[in-house]
Amino acid sequence: MARMQLLEIEDQPWCPAWLRDAGTDWIAMALKYSGHTKQLAEVFREQLAKANTTEVVDLASGGGGPMPTLVDAVVASGADIHVTMTDLYPNISAFERVSARNPKRFSFRTDSVDATAVPANLPGMRLMFNSFHHLPPEAARKVLADAATHGRSIAIFEVVERSFVGVLGVWFGTLMTPILMPLTNPRRWERWVFTWFIPILPAFILWDGSVSCMRIYSPDELKGLTESVNVPGYTWEVRRVKLGGPAVATCLFGHPAPT
C-alpha cells in the first residue's frame with residue numbers, strides 16, 4: 001500500500017479551533033483506553049536513558065492525550081521526567097488540564113512551535129507521539145535535521161499503521177463516536193450537537209483517521225529520511241514494537257554522539 005500525502009482537515013489553518021480540539025481530545029481518549037501508550041513506556045524510558053536527560057519537549061502535542069499515561073508509567077519505573085507540551089496550533093485548554101493534574105511533571109508553551117525549527121530555549125529530548133505522519137517528506141526530513149544539527153535526541157512513535165487493518169480500526173472507532181465523543185473533556189455543547197444531530201464530528205474523525213493511516217511512514221521510508229540527514233556522530237534506529245493482536249508501533253530514535 002503506497003503512502004499518500006492526502007489532506008487532513010485538522011492540519012489546515014482554516015480548520016475551526018473547536019473542531020480541531022474535539023479531534024485531538026478524541027485521540028487522547030482513544031489512546032488512553034487502547035493501552036498502547038503504557039505498552040511503549042519502557043521503550044521510551046530506555047531512550048531517555050540514552051539521551052541522558054529528564055527533560056522532554058513534546059512536539060505536536062495535540063490534546064496532550066498520551067502524555068499523562070506515558071509519564072505515569074515512566075515515573076512508576078523509577079525514572080524522573082518533565083514534559084513541555086507544544087504545538088503549531090496549541091490546544092491551551094487541554095494543556096492546562098494536563099498541567100494542572102501534575103504541575104511537577106508538565107508545563108506548556110502557549111505560542112506556536114514549529115517542529116521543523118524548535119526554539120533553542122527548549123532543551124531536552126524531542127518527542128513526537130502519533131504525529132509524525134502529518135508531515136510531508138520534506139518537512140519530516142527538516143524535523144529530523146533540526147534535531148540532529150542541534151545535537152538533540154528525538155523519539156518518534158506511530159501507533160497506527162498504513163494497512164487495511166489500520167484503516168479498519170479507524171472505521172470501527174468511528175462507530176463508537178456517538179457514544180464516546182460527548183464524554184470527551186471538556187464537555188462542550190457543540191460536541192453533542194455535531195455528533196448526534198449534525199454528524200460533522202464522526203465524518204471528520206473518519207476522514208482524518210483514515211488519511212492518517214495512509215500517511216504513515218514505513219520503516220524503509222523512515223530509514224530513507226534519516227539517510228538524507230548527514231550529521232557526523234548522530235545515530236538513528238528504526239524499530240517496530242508489537243502492541244498485542246494486530247497492532248504494531250513503528251518507532252524512530254535519534255541520538256547525538258556522547259560527549
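Other residues within the sphere of radius under 11 Å centred on the Cβ of GLY23, judged by their own Cβ, net out at -4 (K and R +1, D and E -1). What the phi angles of segment 188-194 give under the Karplus curve with 6.51, -1.76 and 1.60, with θ = phi - 60°, is a coupling list of 10, 4, 5, 6, 6, 4, 8 Hz, glycine and proline written as x. In the context of the full set of protein chains, segment 11-82 has a per residue accessible area of 41 Å² (1.4 Å probe).
How large is the dipole of segment 157-208 about the Cα centre if only Lys and Arg carry +1 and Asp and Glu carry -1, each at its Cβ, rounded to the nearest 20 debye? Could you put the intermediate results ahead of the total?
On the way: 4 positive and 4 negative charges, 44 e Å.
Computed about the Cα centre, the dipole is about 220 debye.
Our coupling estimate for segment 253-259, obtained by passing each phi through the Karplus curve with A = 6.51, B = -1.76, C = 1.60 and θ = phi - 60°, is 10, x, 9, x, 5, x, 9 Hz, Gly and Pro reported as x.
What ratio of Cα Rg to 2.2 N^0.38 Å holds for the chain? Mind dumping the intermediate values first?
On the way: Rg = 17.5 Å, N = 259, 2.2 N^0.38 = 18.2 Å.
Normalised Cα radius of gyration, the chain: 0.96.
The protection proxy used here, the mean number of other Cβ atoms lying within 10 Å of each residue, ranks peptides 95-101, 116-122 as follows, highest first: 95-101, 116-122. A Cβ-based charge dipole, computed about the Cα centre of segment 24-101 with Lys and Arg at +1 and Asp and Glu at -1, lands at about 160 debye. Within the shell defined by Cβ-Cβ distances under 10 Å, the residues around VAL75 carry a net charge of +1, with Lys and Arg each +1 and Asp and Glu each -1.
Could you work out what % of the accessible surface of segment 177-259 is carbon and sulfur, using a 1.4 angstrom probe and leaving DNA, RNA and ligands out of the count? Answer for segment 177-259 is 65 percent, counting heavy atoms of protein chains only. Taking a straight line from the alpha carbon of LYS142, these lysines sit under 24 Å away, with near neighbours fewer than eight places off in the same chain left out: LYS50, LYS223. Summed over the residues of segment 178-259 and divided among them, the accessible surface reaches 52 Å² per residue at a probe radius of 1.4 Å.
Net charge near GLY151, counting Lys/Arg +1 and Asp/Glu -1 over other residues with Cβ under 15 Å of its Cβ? Write out the running numbers ahead of the final one.
Working: positive: LYS50, ARG126, ARG152; negative: GLU55, ASP146.
Value of the local net charge: +1.
The values are calculated or read from the model by the stated rules, or taken from the named source; none is laboratory data. Owing to the predicted nature of the structure, the values given are computational and were not obtained by experimental measurement. Cβ atoms come from the backbone with ideal geometry, glycine included; neighbour counts cover every protein chain shown. Accessible surface areas use protein heavy atoms only, side chains included; no ligands, DNA or RNA. Shrake-Rupley method; radii C 1.70, N 1.55, O 1.52, S 1.80 Å.
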